[in-house]
Amino acid sequence: MRHPRVVFGFDMETDISSWTPFYEGLAHGTPRILEVLDKHGIQATFFFTGDAAGHRPAIVRQVDRAGHEVGCHTLYHETIGDELFPIPGIKPMLPEECTHRIRVAAQRVRQALGKKVVSFRAPRLWGSTGMINALEELGFAADASYPLYFYKKRLTPYHPSRADWTREGDLKIVEIPNFADMTIHSKDPYGRDRDQWPLFRTEGAAALMKHIDAMLEFYRRKKLPAVLCFYMHPWEFHKMPQGLIHFGEGAVLPDPFIVKNCGAPAVRELDRLIKRLKAAGAEFLTARALARQF
Ligand SMILES: [Zn+2]
């Protein structure tokens, strides 16, 4: 059986995802990620929100010049797909709003990049059938949104159905499932304890690698090609504020695991994770390159 294929996707957004409006991680974490990837000679996909690309076009070009793929991650990190669990202040957009919203987001990224983007990832991995049809209409080739931990069904990349994005069908776009450890018994109502994020940072590469090894064995037993897609963020590679973050009308207190070990520890663990994956024979691909193989 062939070697495992690995896609690293970095979601290029504001610090601590939707919880702050700052781009410190994008500015200072991205160069650290690029150094590690360059050291190992591997390629990844960086999914920028239209807003991030508009605010930091030089970072978009730096990622492109380093040989990586630039993709799209909505306009403002809004919920474009089906809400899997509630987040205060964020409601999903209507299916009929998706096409316009993604078109504008992709235009902003394209303006910064100087060429078309063909890969997408939904914030929080919350995709939908409306979203996948919009991506198909707009000519996207790959979507790396499917949360395996939640839907549990699709273990390898697939062409989704226009009637249900979580099922196989005849759309041209390729859906890439995000890694989850399906060998463990989940104690979370949504299955989130099977997800990989943010184990590499909070518990370290070795802890995540135990789940990866279990899944590699799982794929072998099922005689399926092992495709491992991961999501991480530039703000994890820059020290994040600890404690309350104040805004004009209130303050946000991120849960401890969200801001734990951001910065140098995360850089070190990414480096270790790549070394371990290489030792397991991994081939590293962009989302676009992987989609061409399915
Ligand atoms: Zn995101």
For this session: Identify all residues within the stretch 228-260 that are of a type in the set (A, V, I, L, M), over 14 Å from Thr202 (Cα atoms) and in contact with a helix residue (DSSP H, G or I) (Cβ under 7 Å, 6 or more places away or on another chain); write none if there are none.
Result: Leu228, Val252
Seminar exercise, completed: The correct count of residues that are farther than 28 Å from Val118 by Cβ, surrounded by 15 or more Cβ atoms within 10 Å (Cβ to Cβ) and basic (Lys, Arg) in the stretch 269-294 is 2
For this session: Return yes when Met182 is part of a loop (DSSP other than H, G, I, E, B) and open to solvent by less than 50 Å² (accessible area, probe 1.4 Å) and no when it is not.
Result: yes
Exercise. Yes or no: Val70 closer than 27 Å to Ile274 by Cβ, hydrophobic (A, V, I, L, M, F, W, C), in a strand (DSSP E or B) and within 16 Å of the ligand (Cβ to nearest atom)?
Worked result: yes
For this session: Looking only at the stretch 38-50, count how many residues are aliphatic (A, V, I, L, M) and surrounded by fewer than 22 Cβ atoms within 10 Å (Cβ to Cβ).
Result: 1
Seminar exercise, completed: Every listed condition ((1) part of a loop (DSSP other than H, G, I, E, B); (2) touching a helix residue (DSSP H, G or I) at 6+ places or on another chain (Cβ under 9 Å); (3) open to solvent by 10 Å² or more (accessible area, probe 1.4 Å)) holds for Gly81 save (3)
Exercise. Which ones in the stretch 144-159 are open to solvent by 40 Å² or more (accessible area, probe 1.4 Å) and either in contact with a helix residue (DSSP H, G or I) (Cβ under 7 Å, 6 or more places away or on another chain) or not in a helix (DSSP H, G or I) (or both)?
Worked result: Lys152, Lys153, Arg154, His159
For this session: Identify all residues within the stretch 7-35 that are open to solvent by 10 Å² or more (accessible area, probe 1.4 Å) and either in a helix (DSSP H, G or I) or without any contact (Cβ under 8 Å) to a residue 12 or more places away in the chain (or both); write none if there are none.
Result: Ser17, Ser18, Trp19, Pro21, Phe22, Glu24, Ala27, His28, Pro31, Arg32, Leu34, Glu35
Exercise. Taking the stated definitions as given, is Leu94 touching an Asp or Glu at 6+ places or on another chain (Cβ under 7 Å), more than 26 Å from Leu253 (Cα to Cα) and away from the ligand (no atom under 16 Å from the Cβ)?
Worked result: no
Exercise. Considering only the stretch 93-129, how many residues are open to solvent by 50 Å² or more (accessible area, probe 1.4 Å) and not acidic (Asp, Glu)?
Worked result: 13
Exercise. Pairs, please: C-beta under 6 Å, at least 6 apart or cross-chain, first residue within 24 Å of Tyr190 (Cβ to Cβ) and in a strand (DSSP E or B) and in the stretch 119-143, second away from the ligand (no atom under 16 Å from the Cβ) and open to solvent by 10 Å² or more (accessible area, probe 1.4 Å)?
Worked result: Phe120/Phe140
Problem set entry | Residue ranges of strands (runs of 3 or more DSSP E) in the stretch 195-284 with at least 1 members without any contact (Cβ under 8 Å) to a residue 12 or more places away in the chain | 245-247, 250-252
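The values are calculated or read from the model by the stated rules, or taken from the named source; none is laboratory data. Quantities reported herein were computed from a predicted structural model and do not represent experimental measurements. Cβ sites come from the backbone with ideal geometry, for glycine too, and all protein chains shown count toward neighbours. Heavy atoms of the whole protein, side chains included, go into the accessibility calculation; ligands, DNA and RNA do not. Shrake-Rupley method; radii C 1.70, N 1.55, O 1.52, S 1.80 Å.
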